[in-house]
1. In segment 100-117, which residue that is open to solvent by 50 Å² or more (accessible area, probe 1.4 Å) and in a helix (DSSP H, G or I) is nearest to residue 70 (Cα to Cα)?
2. Among the residues of segment 121-175, write down those that are under 22 Å from residue 78 (Cβ atoms) and acidic (Asp, Glu).
3. One residue is enough: does segment 141-148 have a residue meeting the conditions surrounded by 14 or more Cβ atoms within 10 Å (Cβ to Cβ) and outside any helix (DSSP H, G or I)?
4. Can you tell me which residues in segment 115-173 are of a type in the set (A, V, I, L, M) and either over 13 Å from residue 184 (Cβ atoms) or touching a residue at least 60 places away in the same chain (Cβ under 8 Å) (or both)?
5. Those residues that are part of a loop (DSSP other than H, G, I, E, B) and over 12 Å from the mean Cα position of the chain (by Cα), I need them from segment 77-93; list them, please.
6. Residue 97 - would you say it is over 18 Å from the mean Cα position of the chain (by Cα) and open to solvent by 60 Å² or more (accessible area, probe 1.4 Å)?
7. Just need a number here: residues in segment 111-123 that are touching a helix residue (DSSP H, G or I) at 6+ places or on another chain (Cβ under 8 Å) and of a type in the set (D, E, K, R).
8. List the pairs whose first member sits in segment 38-57 and is open to solvent by 50 Å² or more (accessible area, probe 1.4 Å), whose second member is not in a helix (DSSP H, G or I), and whose Cβ atoms are under 8 Å apart, counting only residues at least 6 apart or on separate chains?
Amino acid sequence: MLKHELRKRRAENRRRYALLLALSAVLGAFAAYFFSQNEHIQRRYFYPYPYQELVELYADANGMDSALIASVIMNESRFKNDVHSPRGAIGLMQIMPETGAWIALELGEEGFSVEKLHEPETNIRYGVWYLAELMHAFAGNDILALAAYNAGRGTVREWMEEDGWPWTFRDVDKIPYPETRSYVKNVLKNRIRYERLYPTAQHH
């Protein structure tokens, strides 16, 4: 009698476990479908765009794709203006103070101060200009330009020389730095999300 009861309980436990697995799979599939279909939720919680007008203004002024800029900001700071990196990068587009000073000099602007990088408009204006300058420096190659934005143009030039990368380089997996490799992949992936979720984004 005891053995019979034990077998019965084991059978019930197996059925319950199978039911829980099935229910979990159904709920997971439903949640994935729900979030993929509900663009409002994606825009609000996963791919925000709080400075869209500024991004599109300066993207247009510099001949850049606004969806790419939005993705860069998302990956750099998640659109949080008060972010500081451990290395000292500041604001929405995570601009280093020395880079900001150089950009101001290139733009012919006097009176640069680090505090200006905390201003959303200045940060976006400088960051978009800088990325556009990198795009020009790397023959319009977005992968090389993004890698340079993350790791520095000198570093990317070294990779090109040492590994024989052409100007048409597209193999992100060959980027030596794991951080930079992941960064470029994420920006390119999120760029597609911003293009889809914000169809008014300007493209060049």
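The values are calculated or read from the model by the stated rules, or taken from the named source; none is laboratory data. What you see is a predicted model; the values in this text were computed from it and never measured. Note that we place each Cβ from the backbone using ideal geometry, even for glycine, and neighbour counts take in every protein chain shown. Calculation scope for accessible area: heavy atoms of the full protein, side chains included, ligands and nucleic acids excluded. Shrake-Rupley method; radii C 1.70, N 1.55, O 1.52, S 1.80 Å.
1. Initially, segment 100-117 is screened for residues open to solvent by 50 Å² or more (accessible area, probe 1.4 Å), giving 102, 105-112, 114-116.
Those still in the list that are in a helix (DSSP H, G or I) too: 102, 105-106, 114-116.
Numbers: 102: 23, 105: 25, 106: 23, 114: 23, 115: 22, 116: 20 Å.
Out of the qualifying residues, it is 116.
2. 121, 142
3. Going through segment 141-148, the residues surrounded by 14 or more Cβ atoms within 10 Å (Cβ to Cβ) turn out to be 141-148.
From what is left, the residues that are outside any helix (DSSP H, G or I) are 141.
Yes, there is a match, as at least one residue in segment 141-148 is surrounded by 14 or more Cβ atoms within 10 Å (Cβ to Cβ) and outside any helix (DSSP H, G or I).
4. Step one: filter segment 115-173 for residues of a type in the set (A, V, I, L, M), giving 117, 124, 128, 131-132, 134-135, 137, 139, 143-148, 151, 156, 160, 172.
Once the filter is applied, which keeps residues that are of a type in the set (A, V, I, L, M) and either over 13 Å from residue 184 (Cβ atoms) or touching a residue at least 60 places away in the same chain (Cβ under 8 Å) (or both), segment 115-173 yields 117, 124, 128, 131, 132, 135, 137, 139, 146, 160.
5. To start, the set of residues in segment 77-93 that are part of a loop (DSSP other than H, G, I, E, B) comprises 78-83, 85-89, 91-93.
The answer is 80, 81, 82, 83, 85, 86, 87, 88, 89, 91.
6. Details: over 18 Å from the mean Cα position of the chain (by Cα): yes; open to solvent by 60 Å² or more (accessible area, probe 1.4 Å): no.
It is false that residue 97 is over 18 Å from the mean Cα position of the chain (by Cα) and open to solvent by 60 Å² or more (accessible area, probe 1.4 Å).
7. Let us first name the residues in segment 111-123 that are touching a helix residue (DSSP H, G or I) at 6+ places or on another chain (Cβ under 8 Å), namely 112, 114, 116-117, 120-123.
From what's left, of a type in the set (D, E, K, R): 116, 121.
Counting residues in segment 111-123 that are touching a helix residue (DSSP H, G or I) at 6+ places or on another chain (Cβ under 8 Å) and of a type in the set (D, E, K, R) gives 2.
8. These pairs meet every condition: 43/49; 43/198; 50/79; 51/79; 51/92.
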